[in-house]
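Data first, discussion second: the structure below is written as structure tokens.
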Amino acid sequence: MSSLNFVQRVRQSQRQQQRLSIIIRWIIAVFLIIFAVFPVLWIVSASFNPADTLATQTLIPRNAGLDNYRELFNSSVFPYWKWYWNSIKISSITTILSISITTLAAFAFSRFRFNGRVTMLKGLLLIQVFPGLLAMVAIFLMISQIGEISPRFGLDTHTGLILVYLGGAMGINIWLMKGFFDTIPRDIDESAMVDGASHWQIFTQLLLPLMRPILIVV
């Protein structure tokens, strides 16, 4: 009888520990959510504040209104819709080019063996070690000089900005996609080559559909 009571107490203690653990996890999760969402709520709240200062900003503005949005959308000084379209255009083109170039480069590094392959991979990894701020002056001078030769790729152009974004994103993305390519068995490539498939057919018809998860990440 005493042993039965002991087992019941142990089980009850385990249930209490599990409940306590769940409560602690919920408390931590709620705290992290509030910590992450609060700045966003503060920014949204500030956009409805008609005052010219944020010193007296509260989470719920007293005289909330849409005056700031009217001024933003209808102002001739701040062409918001043009800026918005430029952002969409540049980000879309950069994404398409980055994924295309990165995927092809990662496929080449993963499936082919050529001179300088390891050196190039190490070079890409080494470049990512240094922060982009160190290259700011060099990139500015480079784009400025390129603009003297071809104005379409110089300063104050969308093409030049796209090139800068491409250069900053492809290094680490190539490494990520190469690692994913390496996890795909080479038997798939060899079986397709036996059936007469070319490298391009293997890439587009067999490997690329398997790359959807990493493509979304990149």
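The values are calculated or read from the model by the stated rules, or taken from the named source; none is laboratory data. Quick caveat, the model's predicted, so the values are computed rather than measured. Don't worry about glycine lacking a Cβ; one is built from the backbone with ideal geometry, like all the others, and counts go over all protein chains shown.
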Region 107-118 - residue that is of a type in the set (D, E, K, R) and assigned to a helix (DSSP H, G or I) and, of those, surrounded by the fewest Cβ atoms within 10 Å (Cβ to Cβ): ARG117
Tell me which of these SER191 doesn't satisfy, since it passes every other one: (1) surrounded by 13 or more Cβ atoms within 10 Å (Cβ to Cβ); (2) part of a loop (DSSP other than H, G, I, E, B). (2)
Among the residues of region 199-217, which ones are surrounded by 11 or more Cβ atoms within 10 Å (Cβ to Cβ) and over 28 Å from PHE130 (Cα atoms)? HIS199, GLN201, ILE202, PHE203, THR204, GLN205, LEU206, LEU207, LEU208, LEU210, MET211
In region 62-98, anything in contact with a Leu (Cβ under 8 Å, 6 or more places away or on another chain) and farther than 25 Å from LEU215 by Cβ is listed as PHE78, TYR80
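Take MET193 and tell me if it is of a type in the set (A, V, I, L, M, F, W, C) and under 26 Å from the mean Cα position of the chain (by Cα).
Numbers: of a type in the set (A, V, I, L, M, F, W, C): yes; under 26 Å from the mean Cα position of the chain (by Cα): no.
Considered against the rule, which asks whether it is of a type in the set (A, V, I, L, M, F, W, C) and under 26 Å from the mean Cα position of the chain (by Cα), MET193 comes out as no.
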How do the pairs read when you match residues in region 124-137 that are in the same structural domain as LEU176 (by TED's automatic domain parsing) with residues anywhere that are in a helix (DSSP H, G or I) and surrounded by 10 or more Cβ atoms within 10 Å (Cβ to Cβ), using Cβ under 7 Å and keeping only pairs 6 or more apart or on different chains? LEU124/GLY171; LEU124/ILE174; LEU124/TRP175; LEU125/TRP175; ILE127/GLY171; GLN128/GLY171; GLN128/ILE172; GLY132/GLY168
Residue among PRO50, PRO61 that is touching an Asp or Glu at 6+ places or on another chain (Cβ under 7 Å) and surrounded by 12 or more Cβ atoms within 10 Å (Cβ to Cβ): PRO50
Please determine whether any residue of region 119-129 is under 21 Å from the mean Cα position of the chain (by Cα) and surrounded by fewer than 10 Cβ atoms within 10 Å (Cβ to Cβ). yes
What do you reckon, is TRP175 of a type in the set (Phe, Trp, Tyr) and either outside the structural domain of SER87 (by TED's automatic domain parsing) or free of Cβ contacts under 8 Å to residues at least 40 places away in the same chain (or both)? no
Contacts under 8 angstrom Cβ, first residue in region 149-168 being of a type in the set (Lys, Arg) and modelled with pLDDT under 85, partner surrounded by 13 or more Cβ atoms within 10 Å (Cβ to Cβ) and part of a helix (DSSP H, G or I), 6 or more apart: ARG152/THR159
Looking only at region 131-148, decide whether some residue is acidic (Asp, Glu), surrounded by fewer than 13 Cβ atoms within 10 Å (Cβ to Cβ) and in a helix (DSSP H, G or I). yes
Residue that is surrounded by the most Cβ atoms within 10 Å (Cβ to Cβ) [pool: residues in region 149-188 that are acidic (Asp, Glu) and not in a loop (DSSP other than H, G, I, E, B)]: ASP182
